[in-house]
Structures are given as structure tokens and as C-alpha cells.
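One structure below.
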Amino acid sequence: MSGPTVFISYSHKDKRFLDELLVHLKPFVRSGAVSAWSDKQIAAGSKWFAEIQAALAKAHAAVLLVSPQFLASDFIHDHELGPLLKAAAAGGVKILWAQVRASSYKETPLEAYQAVVSPPAKPLAEMKAERDRAWIQLCEEIKRACNGTPAASPAAVGSVPHLDLGRLPIPGKHFVGRAPELARLDAAWEDPRTHVLTLVAFGGVGKSALVARWLDRMAAESWRGATRVLDWSFYSQGSEDRTTSAEPFIDHALRFFGDSDPKAGSLHDRGARLARLIREEKSLLILDGIEPLQYPPGRPEVAGRLKDPGLAALLKGLAAGNPGLCVVTTR
């Protein structure tokens, strides 16, 4: 009998660690508790990329064998780690990771996820007699994750919120620092007096990546009490001089927050109605790159003001009161 699938992501330079894991995992596979998948199972001549995508799609859990080569691999970063982190944020897959050799994992989104073999400061490659016990610990966590049993040391507890994510960029492997900014976001979420937080900076500074990294941290802590989480990016809507509208976002968000008739009323009325719906719960709303919906700096009398009545009504309503938080980024 084939059990729930665990996807094993590793660098081919670390194949010996994969082989060790598979040896320890074999009793769990034989009993039907789990079904292990790695790219070793791809037959010669097969459409290997399609097989990897299919395995990712059906995975209940993912094991990451982290090393310098793992973190340096563009393929792993773009086609395995990225999709897995998005799936984890949406509650679709449990991420388990172990550091097999010393690496700069703190400069990646993995910093927000608790390592199974803890502390990660002692990689598996540096273990001797205790290494077998570490593998057994990892295998037991795989079984728990694949079968829906709570992990032995969860990062946080709580119900899973309604999530609608994936529109922000995945923080790159070169994301560094930003501790003060991350702390400011943490403080804003915990402060009931902060209803809307705006991050203003020049284009290319990394506002979107910063917020995406913070979302990774929130996900690792079961969203810290949020009941609904939605992100939205306005960057694709055009330049500052082009006529733009928040209507697609307003329509989508009204549906997400439970409105029965998202098309009813003017855009201003729908924005105000959305604010009322958001205020009913402790929700987290991310509005990334709203500058296409603002007047440009060349018009001093209105520079920075919102051109879109729906978005203006939404933010005015949330600023007046919000048990959760709305994070806005703009230039």
C-alpha cells in the first residue's frame, strides 16, 4: 500500500545524505505510512521536469536537505523551494528541513522555519554516533506531517486561516539584513492601535521582497492569530501616467471576505463595504505597489493622493479601525 507522499529536495552533490535518509525511511515506506519521492525515481528518457512538477503537486510534506550546494542551486530555488514555500504558506504542504552541511540558511526564507534536527548549528555531516538518531527523528516527523499528526515541537498552534496568497515575489537567496524593518512589521501586527502600515521607498529597494519575507515568518508561526490573509500586487497595472483602477482587486477581495454581491454599488461604496467586512475579523491585507493608483510627484497639489475612489474608501475605512493590519507599499 502506498502512503502519503513526501517530496525530498536535495543537491546531487549531497546524494550520500539522500541515500542515508532513504535507508532510515524504508520501514515507514514498507508499512505504508509514507511514500518517498526523489528525482532518483525518474526513469532515463522521461520528461523529468514534468515528473518533478507532478510530484510537487501531490506531496503532503517536503524534506529539504540543506547545504551550500542546495542553496546555490538556481533550479532548486526556482522550481522546488519556491513552489514548496508557496504551498506551505497556503497550508497545502508541511516543510521539514535538516542542515546536512553548514550553510548560510539564515539568508533565505528557511530561517523562518524550524529545523527538524535542532539545533541546525550542528549539521548532520558533523555528527557521528548521534547521526542515526537524527535521521530517525526526521523520519518520525515525516510520518507525522504526512498523516496529519501535529509535530512534536510545533512553531505555533492555532486554526488555519483562509489564505489567498502568491502574488508577491519569492525572496531571493541574496536577501540579507532588514531586521529593523521586519521588527517594525512584527510590532505593527501586535499593536491594536496600528491599523494601516505604509512602506514608502524608491523602486528597486526591495519593499516587495521585505513583505514577502515577513509573510514567510508569519506562516512559520501559523499566522499569529490572523483569520484571513490576502495579498495583491498592483505593479502590473501600468505606469503612473496611465488610467488605472482598483476594481479587479475590490471585486476579488469582496468575494474573498464573503460579500454576497461584489458588483453591487459604486466603486467607492464597494471599497467602503470591503473595509467593513475586513474589520469583522483579525485579517492581514497586503497591498503591494499602489503607486499606479496615485497621482504622480509632478502635480504637487495632489501628489501621492489616491486616484481610485474604491481604494481610497477602503484605506480610509481601515485607518478608522481595524483589528488586523493592512500593509501598503508604494514609491
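All of the numbers you see were taken from the coordinates with simple rules; none came from a lab. Predicted, not measured: the structure shown is a model, and the values here were computed from it. All Cβ positions, glycine included, derive from the backbone under ideal geometry; neighbour counts span all protein chains shown.
The charge dipole of the chain, taken about the Cα centre with unit charges on the Cβ atoms of Lys, Arg (+1) and Asp, Glu (-1), comes to about 380 debye, rounded to the nearest 20.
A cut-off of 5 Å between modelled amide H atoms, ignoring neighbours fewer than 5 places along the same chain, links His195 with no other residue. Taking 0.36 nm per residue of separation and subtracting the Cα-Cα distance, full extension of the segment from His12 to Glu126 would add 39.1 nm. Among the complete DSSP H segments of the chain, which ones combine at least 15 Å of alpha-carbon extent along their axis with a mean Kyte-Doolittle hydropathy of 1.0 or more? Membrane-span-like by this rule: 309-320. Converting the Cα gyration tensor eigenvalues of the stretch 162-330 into ellipsoid dimensions via √(5λ) gives semi-axes, longest first, of 23, 21, 14 Å.
Overall, the stretch 259-331 carries a charge dipole of about 140 debye about its Cα centre when +1 sits on the Cβ of Lys and Arg and -1 on the Cβ of Asp and Glu, all other atoms neutral.
Considering the stretch 5-146, its Cα convex hull presents a mean projected area of 8.1 nm². In the chain, the calculated helix contribution to ellipticity at 222 nm averages -11000 deg cm²/dmol per residue, counting -39,500 (n - 2.57) for every DSSP H run with n ≥ 4. Computed from label points 7 Å out along Cα-Cβ, the spacing between Glu190 and Lys263 is 4.6 nm. If you take the square roots of the eigenvalues of the alpha-carbon gyration tensor of the chain and sort them as a ≥ b ≥ c, do you get rounded (a/c under 1.5), prolate (a/b over b/c) or oblate? Prolate shape, in that a/c is at least 1.5 and a/b is the bigger ratio.
What order do you get for Leu267, Leu21 when you list them from fewest to most C-beta neighbours inside 10 Å?
Neighbour counts put them in this order, fewest first: Leu267, Leu21.
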